[in-house]
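The values are calculated or read from the model by the stated rules, or taken from the named source; none is laboratory data. All values derive from a computational prediction rather than experimental measurement. All Cβ positions, glycine included, derive from the backbone under ideal geometry; neighbour counts span all protein chains shown. Quick note on the areas: whole protein, heavy atoms, side chains included, nothing else; ligands and nucleic acids left out. Shrake-Rupley method; radii C 1.70, N 1.55, O 1.52, S 1.80 Å.
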Amino acid sequence: MLNIIIFGAPGSGKGTQSENLIKKYNLAHISTGDVLRAEMKNGTELGKLAEGYISKGQLVPDDVVIEMLANVLDTKTDVSGVVFDGFPRTIAQSEALEKILEKRGEKISVVVNLEVEEPELIDRLIKRGQQSGRSDDNLETIKSRLDVYKSQTSPLKEHYEKSGKLATIKGLGTIDEIFTLISEAVDKVK
Ligand code: AP5
Ligand code: MG
């Protein structure tokens, strides 16, 4: 099983590179952001709850996201691995993921950490916001997403560094150039 966490700030390219990873390595893709946006679109209770946090650039509470992730993962049977995109985002989520995988007799193979400078992140997200229709792609919410990333999510890097799983990759350049570097990191643990 190849379980890859794709990690990085908002706009770092997690979704873009996940698409490449699932194709090359034949994996399932779980983006908690995509799952939450689908719930919002369908007007479910979870979607209504999530909307309040997402539009402010805040994290949806851990217990809600962890339960959701566990449910989605349960549907991914008969796969050769999973790309976790946008999860975990807190220490509590990372501990929960380890337990969930342990129950399946699995573990995290590698954490691909995409590093991109803040001005480039803002530039990418503003540009995307002109067409995406995402309620969080506006300057005010982008700034709060970046703050939340710094305070609540980036500490996870140290956690994965200690376990020897962190592969830090410069996320600047063409999508193909970056994917070559990601593939090298994944091939080492395959
Ligand atoms: P989520 O959907 O995960 O969004 P995010 O982390 O803010 O990141 P994005 O999806 O905006 O960016 P990305 O890194 O995927 O980059 P992309 O490939 O799209 O989360 C949204 C919200 O949901 C959170 O704020 C939170 O409220 C909630 N949520 C989700 N998960 C949660 C969790 N686990 N716990 C609690 N709450 C949670 O690329 C960005 C743009 O750049 C695109 O336009 C792309 O075309 C472009 N681009 C990509 N690569 C390059 C490149 N190399 N050069 C130039 N442009 C590029
Ligand atoms: Mg994304």
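Regarding the range 157-168, can at least one residue be identified that is at pLDDT 95 or above, within 22 Å of Glu118 (Cβ to Cβ), open to solvent by less than 50 Å² (accessible area, probe 1.4 Å) and among the β-branched types (Val, Ile, Thr)? No, that holds for no residue. Only one of the listed residues (Ile100, Ile4, Ile66) is in contact (Cβ under 8 Å) with a residue 24 or more places away in the chain, touching a Leu at 6+ places or on another chain (Cβ under 7 Å), assigned to a helix (DSSP H, G or I) and more than 14 Å from ligand 2 (Cβ to nearest atom). That residue is Ile100. Got a sec? Which of Ala167, Ala185 is outside any helix (DSSP H, G or I) and either within 13 Å of ligand 1 (Cβ to nearest atom) or of a type in the set (A, V, I, L, M) (or both)? Checking each option against the conditions leaves just Ala167.
Is the range 19-30 home to any residue that is free of Cβ contacts under 8 Å to residues at least 40 places away in the same chain, part of a helix (DSSP H, G or I), open to solvent by 20 Å² or more (accessible area, probe 1.4 Å) and over 17 Å from Phe179 (Cβ atoms)? Checked against the condition, which is being free of Cβ contacts under 8 Å to residues at least 40 places away in the same chain, part of a helix (DSSP H, G or I), open to solvent by 20 Å² or more (accessible area, probe 1.4 Å) and over 17 Å from Phe179 (Cβ atoms), the range 19-30 yields no hits at all. Cβ-Cβ contacts under 8 Å between residues 6 or more apart (or on different chains), taken from a first residue in the range 172-190 that is touching a residue at least 60 places away in the same chain (Cβ under 8 Å) and of a type outside the set (A, V, I, L, M, F, W, C) to a second residue that is assigned to a helix (DSSP H, G or I) and open to solvent by less than 80 Å² (accessible area, probe 1.4 Å), are listed as Lys190/Tyr25.
Taking the listed residues Glu67, Glu106, the one that is at pLDDT 95 or above and open to solvent by 70 Å² or more (accessible area, probe 1.4 Å) is Glu67, with no other qualifying.
In a helix (DSSP H, G or I), within 15 Å of ligand 1 (Cβ to nearest atom), buried (at least 17 other Cβ atoms within 10 Å of the Cβ) and modelled with pLDDT of 95 or more: is that true of Ala50 in this structure? So Ala50 fits the description; yes. Of the residues making up the range 86-125, those that are under 23 Å from Asp136 (Cα atoms) and of a type outside the set (D, E, K, R) are Gly86, Phe87, Pro88, Thr90, Gln93, Asn113, Leu114, Val116, Pro119, Leu121, Ile122, Leu125.
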